[in-house]
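Novice: I have a structure I would like to understand better, so I am pasting it below and will then ask my questions one at a time.
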Amino acid sequence: MAKPTGFLEFKREAAGERPFTERVHDWQPIHLHLPEERLNQQAARCMDCGIPFCHKGTILNGMTSGCPINNLIPEWNDLVYRGLWREAYERLSRTNNFPEFTGLVCPAPCEAACTLGIHDPAVTIKQIEYAIIERAFDEGWVKPNTPAGRSGKTVAVIGSGPSGLAAADELNKAGHSVTLFQRADRIAGLLMYGIPNMKLDKKLVQRRIDLLAEAGIQFVTNTEVGRDVTPSELQEQFDAIVLCTGATQPNNLPVPGRELNGIHFAMEFLHGNTKKLLDNALETPPVFAGGKDVIVIGGGDTGTDCVATALRHGCDSMVQFEIMAQPPEVRAADNPWPQWPRVYKMDYGQEEAAAVFGEDPRVYGIMTKRFIGDEQGSVQALETVNVRWLPPQNGGRPQLEEIPGTEQT
């Protein structure tokens, strides 16, 4: 590395985010960004560690550790430190089709595997990645990946989320003629409608879609394969078909009262909100949380997005149920580096809820047993029980056990 002592000289510095109480009143991006000089310092923290665990994705103890797409992280960190931004962009583009997306919304398992993270805060890999691609766009280095010639082969890609767009980009670069089918009215699937605008600005998404179209990819929207066009018709028209579907298939909660009004899947909530925002519609979104007491069941990224969206609607209260136990403040003995650190932290939605309502909205180790409705058939209450997880037996999975006497409504 160009700065062998960088990790000793510079502390981790994240750019931060807009103030919580300001941003919950709009849908604008929450992220702030560092100037070039301080980004160079952050890149200098990347160690000459010998084995860069950050850039090779693997599964450890059931969780991803390292970059799943094998980004050459130490290489472009070094190039950023030396001010060679174009070379850094070219190196990043070898492995990542859409750094502007991963640089904002990826959970960054690369940072969890950073060698510096053994004893100090990890390198701000995700922040540097986003800075590289935005610099490339600003400088005009990002061009359509138009192939020099065509193979004469045609490919249909079904689904235009992250995997569909990446597959289409790679196939098009190889010279095949690609048509991408999307059942929604806009391209990009989860990137467009599953992730709220404040977390991933849709202008960034559309910017990339426009580049892919300029490179020769054909987009077909409002077309659901199996209903508007049959698989046999696609087989007749194309030499190959790639299936890139499934991210919006929800996990139901099949407990008594599930049919009551006022209970919604996350994607129904998020999709309707973003569509209303992009359409500039004056009416409220189909599922509106304003003036309501909201419970979000599920503690993952999508649950966090629902928390943040409900806050911007102006909900009266917010609670988030998490079936897992609350993580410890520091790594447990059975969760060593470079595993994903199962430690307590608040994501952007929980931080916003704490700013608005005074505390982390999450309740840990709780399970919903039943929904209770009113006379109009709308959900009025939830019946819950506290749970604990028992160690796995004979190499199986941990077992869930209800705790007697902890039932609540």
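Novice: One residue is enough: does region 240-247 have a residue meeting the conditions in a loop (DSSP other than H, G, I, E, B), touching a Leu at 6+ places or on another chain (Cβ under 7 Å) and open to solvent by 50 Å² or more (accessible area, probe 1.4 Å)?
Specialist: The initial filter retains those residues of region 240-247 that are in a loop (DSSP other than H, G, I, E, B), namely 244-247.
Checking which are touching a Leu at 6+ places or on another chain (Cβ under 7 Å) leaves us with 247.
When the remaining residues are screened for being open to solvent by 50 Å² or more (accessible area, probe 1.4 Å), the result is 247.
Taking every residue of region 240-247 in turn, at least one turns out to be in a loop (DSSP other than H, G, I, E, B), touching a Leu at 6+ places or on another chain (Cβ under 7 Å) and open to solvent by 50 Å² or more (accessible area, probe 1.4 Å).
Novice: Identify the single condition in (1) part of a helix (DSSP H, G or I); (2) crowded, with 22+ Cβ neighbours inside 10 Å that S232 does not satisfy, given that it satisfies every other one.
Specialist: If we test S232 against (1) part of a helix (DSSP H, G or I); (2) crowded, with 22+ Cβ neighbours inside 10 Å, just (2) comes out false.
Novice: Ok, one more. Which pairs have Cβ atoms under 7 Å, sit 6 or more apart or on different chains, and link a residue in region 145-163 that is closer than 20 Å to V220 by Cα to one that is open to solvent by 60 Å² or more (accessible area, probe 1.4 Å) and part of a helix (DSSP H, G or I)?
Specialist: N145/K173
Novice: Could I ask something else about it? From the set of residues in region 284-328 that are within 19 Å of V343 (Cα to Cα) and among the β-branched types (V, I, T), which is surrounded by the most Cβ atoms within 10 Å (Cβ to Cβ)? If you could, list the steps in order and put the result at the bottom.
Specialist: Applying the first criterion (within 19 Å of V343 (Cα to Cα)) to region 284-328 yields 298-304, 320-328.
If we keep only those that are among the β-branched types (V, I, T) too, we end up with 302, 304, 323.
Details: T302: 20, T304: 25, I323: 15.
Within region 284-328, the match that is surrounded by the most Cβ atoms within 10 Å (Cβ to Cβ) is T304.
Novice: Same structure, new question: Here is a check on your reading of the model: is K199 among the basic types (K, R) and open to solvent by less than 30 Å² (accessible area, probe 1.4 Å)?
Specialist: On the way: among the basic types (K, R): yes; open to solvent by less than 30 Å² (accessible area, probe 1.4 Å): yes.
Yes.
Novice: I've got another one for you. Does region 56-66 contain any residue that is part of a loop (DSSP other than H, G, I, E, B), on the phi > 0 side of the Ramachandran plot, surrounded by 15 or more Cβ atoms within 10 Å (Cβ to Cβ) and modelled with pLDDT of 95 or more?
Specialist: Initially, region 56-66 is screened for residues part of a loop (DSSP other than H, G, I, E, B), giving 56-57, 61-62, 66.
Those left that are additionally on the phi > 0 side of the Ramachandran plot: 61-62, 66.
With the extra rule that they be surrounded by 15 or more Cβ atoms within 10 Å (Cβ to Cβ), the set shrinks to 66.
From the residues that got through so far, the ones that are modelled with pLDDT of 95 or more too are 66.
Yes, region 56-66 contains at least one residue that is part of a loop (DSSP other than H, G, I, E, B), on the phi > 0 side of the Ramachandran plot, surrounded by 15 or more Cβ atoms within 10 Å (Cβ to Cβ) and modelled with pLDDT of 95 or more.
Novice: Given (1) within 30 Å of H313 (Cα to Cα); (2) free of Cβ contacts under 8 Å to residues at least 60 places away in the same chain; (3) not in a loop (DSSP other than H, G, I, E, B), identify the lone condition not met by L204.
Specialist: (2)
Novice: Within region 34-49, track down each residue that is assigned to a loop (DSSP other than H, G, I, E, B), surrounded by fewer than 18 Cβ atoms within 10 Å (Cβ to Cβ) and at pLDDT 95 or above. Spell out how you get there, then give the answer.
Specialist: Initially, region 34-49 is screened for residues assigned to a loop (DSSP other than H, G, I, E, B), giving 34-35, 45-49.
Checking which are surrounded by fewer than 18 Cβ atoms within 10 Å (Cβ to Cβ) leaves us with 35, 48-49.
P35, the sole residue that qualifies.
Novice: May I ask you to list pairs of residues, at least six apart or on different chains, whose Cβ atoms are under 8 Å apart, with the first in region 16-42 being farther than 25 Å from G6 by Cα and without any contact (Cβ under 8 Å) to a residue 12 or more places away in the chain and the second being open to solvent by 90 Å² or more (accessible area, probe 1.4 Å) and hydroxyl-bearing (S, T, Y)?
Specialist: From residues that are farther than 25 Å from G6 by Cα and without any contact (Cβ under 8 Å) to a residue 12 or more places away in the chain, there are no pairs.
Novice: Here is a follow-up. So R12 passes all but one of these: (1) farther than 22 Å from V142 by Cβ; (2) assigned to a loop (DSSP other than H, G, I, E, B); (3) touching a strand residue (DSSP E or B) at 6+ places or on another chain (Cβ under 8 Å). Which condition number does it fail?
Specialist: Condition not satisfied by R12: (3).
Novice: Go over the candidates P74, P52 one by one and state the one that is surrounded by 19 or more Cβ atoms within 10 Å (Cβ to Cβ), of a type outside the set (G, A, S) and at pLDDT below 95.
Specialist: On the way: P74 fails: at pLDDT below 95.
That would be P52, the only listed residue that is surrounded by 19 or more Cβ atoms within 10 Å (Cβ to Cβ), of a type outside the set (G, A, S) and at pLDDT below 95.
Novice: Okay, next question. Could you list, in sequence order, all residues of region 106-142 that are out of contact with any helix residue (DSSP H, G or I) (no Cβ under 8 Å at 6 or more places or on another chain) and either β-branched (V, I, T) or assigned to a loop (DSSP other than H, G, I, E, B) (or both)? Give the steps one after another, and end with the answer.
Specialist: So the first thing to find is which residues in region 106-142 are out of contact with any helix residue (DSSP H, G or I) (no Cβ under 8 Å at 6 or more places or on another chain), and the list is 109, 112, 118-119, 121, 138, 140.
Of everything in region 106-142, those that are out of contact with any helix residue (DSSP H, G or I) (no Cβ under 8 Å at 6 or more places or on another chain) and either β-branched (V, I, T) or assigned to a loop (DSSP other than H, G, I, E, B) (or both) turn out to be I118, H119, P121, G140.
Novice: Given L180, L79, L171, which one is touching a residue at least 12 places away in the same chain (Cβ under 8 Å) and either open to solvent by less than 10 Å² (accessible area, probe 1.4 Å) or touching a Gly at 6+ places or on another chain (Cβ under 6 Å) (or both)?
Specialist: On the way: L79 fails: either open to solvent by less than 10 Å² (accessible area, probe 1.4 Å) or touching a Gly at 6+ places or on another chain (Cβ under 6 Å) (or both); L171 fails: either open to solvent by less than 10 Å² (accessible area, probe 1.4 Å) or touching a Gly at 6+ places or on another chain (Cβ under 6 Å) (or both).
The match here is L180.
Novice: Listed residues F288, F321, F269; which is under 30 Å from E375 (Cβ atoms) and either part of a loop (DSSP other than H, G, I, E, B) or of a type in the set (A, V, I, L, M) (or both)?
Specialist: Values: F321 fails: either part of a loop (DSSP other than H, G, I, E, B) or of a type in the set (A, V, I, L, M) (or both); F269 fails: either part of a loop (DSSP other than H, G, I, E, B) or of a type in the set (A, V, I, L, M) (or both).
That would be F288, the only listed residue that is under 30 Å from E375 (Cβ atoms) and either part of a loop (DSSP other than H, G, I, E, B) or of a type in the set (A, V, I, L, M) (or both).
Novice: Shifting gears a bit: Using beta carbons and a limit of 7 Å, which pairs, at least six apart or on different chains, have the first residue in region 262-290 and in contact (Cβ under 8 Å) with a residue 12 or more places away in the chain and the second one in a helix (DSSP H, G or I) and of a type in the set (S, T, N, Q)?
Specialist: A266/T302; F269/T309; L270/T309; N273/T309; P285/N273
Novice: Which residues, counting only those in region 337-355, are open to solvent by 50 Å² or more (accessible area, probe 1.4 Å), more than 18 Å from the chain's Cα centre (by Cα) and farther than 15 Å from C110 by Cα?
Specialist: As a first pass, look at region 337-355 and keep what is open to solvent by 50 Å² or more (accessible area, probe 1.4 Å): 337, 342, 344-347, 351.
Of the ones still in play, those that are also more than 18 Å from the chain's Cα centre (by Cα) are 337, 344.
Once the filter is applied, which keeps residues that are open to solvent by 50 Å² or more (accessible area, probe 1.4 Å), more than 18 Å from the chain's Cα centre (by Cα) and farther than 15 Å from C110 by Cα, region 337-355 yields only Y344.
Novice: Considering only region 91-98, I want to know if a residue exists there that is small (G, A, S), open to solvent by 40 Å² or more (accessible area, probe 1.4 Å), in a loop (DSSP other than H, G, I, E, B) and farther than 19 Å from C49 by Cα.
Specialist: no
Novice: Suppose we filter region 356-393 for residues that are aromatic (F, W, Y) and exposed (fewer than 15 other Cβ atoms within 10 Å of the Cβ); how many remain?
Specialist: 1
The values are calculated or read from the model by the stated rules, or taken from the named source; none is laboratory data. The structure presented is a predicted model; accordingly, all values stated were derived computationally and were not measured. As a convention, Cβ positions derive from the backbone with ideal geometry for all residues, glycine included, and neighbour counts pool all protein chains shown. Quick note on the areas: whole protein, heavy atoms, side chains included, nothing else; ligands and nucleic acids left out. Shrake-Rupley method; radii C 1.70, N 1.55, O 1.52, S 1.80 Å.
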